Amino acid sequence: MESSSHTTQRKIIHIDMDAFYASVEQRDNPIYRGKPIAVGGSPEGRGGVVATASYEARKFGVRSAMSSKRAQQLCPQLIFVRPRFDAYKAVSAHIREIFSRYTDLIEPLSLDEAYLDVTDDKLQIGSAIEIAKQIKQAIKDELNLTASAGVSINKFVAKIASDLNKPDGFTFIGPSTIASFMESLPVEKFHGVGKVTAEKMKKMGLFTGADLKRLSEQELKSYFGKVGAFYYQIVRGIDDRRVQPHRETKSLGAEDTFPVDLTTLEEMEAELEKIGKTVVTRLQRYELKGRTVTLKIKYSDFRQITRNQSFNFPINDYETIVQTAKQLLIGTQPEDQKIRLLGITLSNFHELNLNDTDKANQVTQLSLFD
């Protein structure tokens, strides 16, 4: 492996719970065990989406982010379960407590996965492999759930490793094997390479990490833009990102897809009021205030737009957020439009880098996109 800028190699663990929401439901409800279930919206209507599918459902091709209708077509016997986020958060908090027995350098990515830096672990075990095995066993013993773990010297490789032998997997990729491992990896397995980019790569004759590695950084940039520099690094197993225990929230919001298109301003504003209540509840729960309100609109033909307004002071009160969203809605001239989804997001939790307050009150319009 090519050396990074660090003289001391880190010991990084990536823990990823196995089919988290579905596994919690199967643990808590014996009638679901061994059966294909999908946690998410109902296939009735048109707004249902699968959040997580059990491994029994995945055998039929059911996947997260898939429409519930499509999931039901693939697996007619699929059982749909409404999510219980309070239950998942309680389990996640217990998992986080297990992590904290070994290190304070924990970077949660979501309720069900996190990076841990155990270069200097609290219990002075000294072995990331042993720590990962102990964490997996504690999760199994204390929560009756399984997790998969990846261990390596950086975040990127550890994350790939955790996904290799699911469920209940464990994979260690050491410094001496990183180069050969990355070279043999199919391009679609690289985190950050989506389906479209993977297809583009394959059309160029780039099927594995070894194929990417033959290209210079400049060539990768010319083919794929700025992200080409990222590909150049990761194909060599280089990732200098630190585990960030205080990773900041970028945005927080809520949205709703309606069973029937909204066609009147009165209907739209009523829905924004409901969504606004959810957003404010979440903001207050996490004690957050933001400076930018963003309105998301999806029309019946699936066109989608966003409009946002920034303030020169932080907000998290219901009245300001909802009234701002309504004004942004009116600015889109919603009359005679058919709207299938509305969403409100608050962001910009940092200090504004503006030279004057007039700029803070401007409305930024983003272009239409499919």
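Per this entry, SER216 is counted among residues that are closer than 19 Å to ALA229 by Cβ, surrounded by fewer than 16 Cβ atoms within 10 Å (Cβ to Cβ) and of a type in the set (Gly, Ala, Ser).
Matching residues to (1) in the same structural domain as ASN29 (by TED's automatic domain parsing); (2) at pLDDT below 90; (3) at negative phi:
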position	(1), (2), (3)
VAL62	yes, no, yes
MET66	yes, yes, yes
GLN72	yes, no, yes
PHE80	yes, no, yes
ALA93	no, no, yes
GLU97	no, no, yes
ASP104	no, no, yes
GLU107	no, no, yes
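All but one of (1) part of a helix (DSSP H, G or I); (2) under 23 Å from VAL260 (Cα atoms) hold for LYS296; which doesn't? Unmet condition: (1).
Hey, could you check region 256-283 for residues that are farther than 24 Å from SER42 by Cβ and touching a residue at least 60 places away in the same chain (Cβ under 8 Å) and say which is surrounded by the fewest Cβ atoms within 10 Å (Cβ to Cβ)? Selected residue: LEU265. Only one of the numbered conditions (1) within 29 Å of VAL157 (Cβ to Cβ); (2) in contact (Cβ under 8 Å) with a residue 40 or more places away in the chain is violated by ARG82, and that is (1). Looking only at residues in region 1-44 that are in contact with an Asp or Glu (Cβ under 8 Å, 6 or more places away or on another chain) and modelled with pLDDT under 85, which one is surrounded by the most Cβ atoms within 10 Å (Cβ to Cβ)? Here the residue is SER4.
Summed over region 203-255, the residues that are closer than 30 Å to VAL280 by Cα and without any contact (Cβ under 8 Å) to a residue 24 or more places away in the chain give a count of 1. For ALA90, the stated conditions hold: it is within 30 Å of GLU130 (Cα to Cα) and without any contact (Cβ under 8 Å) to a residue 12 or more places away in the chain. Regarding ARG10, is this residue in the same structural domain as LYS69 (by TED's automatic domain parsing) and not aliphatic (A, V, I, L, M)? Against the criterion (in the same structural domain as LYS69 (by TED's automatic domain parsing) and not aliphatic (A, V, I, L, M)), ARG10 does not qualify.
Only one of the numbered conditions (1) within 18 Å of ARG242 (Cα to Cα); (2) assigned to a loop (DSSP other than H, G, I, E, B) is violated by ILE160, and that is (2).
The values are calculated or read from the model by the stated rules, or taken from the named source; none is laboratory data. Since the structure is predicted, the reported quantities are computational estimates derived from the model, not experimental observations. All Cβ positions, even for glycine, are placed from backbone atoms using ideal geometry, and neighbour counts span all protein chains on display.
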